[in-house]
Amino acid sequence: MRKKIVAGNWKMNLNLQEGVALATELKAALAEDKPNCDVVICTPFIHLAKVADIVAGTVIGLGAENCADKEKGAYTGEVSAAQVKSTGAQYVILGHSERRAYYGETASILKEKVNLALANGLKVIFCIGEVLEEREAGKQNEVVGAQLADSLFDLTEDQLSNIILAYEPVWAIGTGKTASAEQAEDMHAFIRGCIAGRFGDAAAENISILYGGSCKPGNAKEIFAKPDVDGGLIGGAALKCADFKGIIDAWK
């Protein structure tokens, strides 16, 4: 039975004090009204150790938004998977479209990051998705299939069990365009088929695939009702407790 998950990606928002306040508010809200899914918040590096103390022993899991593709050493400004793990975090987001677009993260770089994250006991939320030009050219399946194959298909089935996939229709984020629940389901079904083709039906059935395209309290229930959608990777709506909880409550 694959897990239902709502994960928040704070991105480069909230100073330390604001992040602590949001985590504290969310902790109280979910203690009062227990969620019907796994909940994860992925924060900037500077928040991790402090927020880990706040959410310890609660229903909230903690993740980083990235980690380095090197184990350790003279890489000024980088944060290793081992360092992320040492804060108390259990998850890390890798392959986000912003990391691919703005920082030139390639499939080979991401492959290294995935291997290091898994080796250090982190669960990986691995992002995949096409940009507008690729969608309009009808190449979305080709693009997403290659992103999966080039970074994940050398994993073992055991390693894959610690991977969560997140589909981001990059063309539907902050563009004014929207992806329908049917478009999300079509791509999620295709992704599950790719996993089945490489790792087998059981692995495909067990892997959680989250939707990462402008999910809000108003549309979450419709999106989550689709059979191949197992939750959401939430951006802007994760920065307000009421909005994030509204999406979590879509599973009720």
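Readers should treat all values here as calculations from the given coordinates under stated rules, not as data from a laboratory. Only a predicted model underlies this, so the values are computations on that prediction, with no experimental measurement involved. Using ideal geometry, Cβ is built from the backbone for each residue, glycine included, and neighbour counts are taken over all protein chains shown.
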| said: Give the aspartates and glutamates whose C-alpha is closer than 12 Å to that of Lys70, dropping any in the same chain fewer than 8 places away, or say none. | reply: Glu78, Glu112
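Taking a ≥ b ≥ c as the square roots of the eigenvalues of the Cα gyration tensor of region 135-177, is the shape rounded (a/c under 1.5), prolate (a/b larger than b/c) or oblate?
On the way: a/c = 4.79, a/b = 1.93, b/c = 2.48.
Judged from the Cα gyration tensor, region 135-177 comes out oblate (a/c at least 1.5, b/c at or above a/b).
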| On the first, second and third principal axes, largest extent first, how far apart are the outermost C-alpha atoms of the chain in Å? | 46, 44, 35
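Which value at 222 nm does the chain reach when only helices count, each DSSP H run of 4 or more adding -39,500 (n - 2.57), with the total divided by all residues and rounded to the nearest 500 deg cm²/dmol? Walk me through the intermediate numbers first.
Details: 12 runs with 111 residues, N = 252.
The helix contribution divided over the chain gives -12500 deg cm²/dmol.
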| request: Can you tell me which of 147-160, 183-196 comes out highest on packing, and rank the rest after it, using the mean Cβ neighbours within 10 Å? | output: 183-196, 147-160
| remark: Evaluated at 20 °C and 1.002 mPa s, the Stokes-Einstein D of region 1-64 based on the Kirkwood radius over Cα pairs, in µm²/s, stands at 179
| Amide H contacts under 5 Å for Val40, placed H, 5+ residues apart | Val6, Ala7, Gly8, Gly61
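Going through the cross-link list Lys50/Lys139; Lys11/Lys177; Lys50/Lys113, which pairs have a Cα-Cα distance over 32 Å in this structure? List each step's numbers first, then the result.
Details: Lys50/Lys139 43 Å; Lys11/Lys177 21 Å; Lys50/Lys113 24 Å.
Long pairs (Cα-Cα over 32 Å): Lys50/Lys139.
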| request: Please go through the residue pairs Lys123/Lys216; Lys4/Lys240; Lys34/Lys245; Lys221/Lys252 and name each one whose alpha carbons sit more than 19 Å apart in this structure. | output: Lys123/Lys216; Lys4/Lys240
| query | Sequence-distant or interchain residues sharing an amide H contact under 5 Å with Tyr91, placed H: which? | reply | Leu62, Gly63, Ala64, Lys123
| field | All aspartates and glutamates inside 15 Å of Lys85 as judged from Cα atoms, apart from same-chain residues fewer than 8 positions distant | value | Asp53, Glu65, Asp69, Glu71
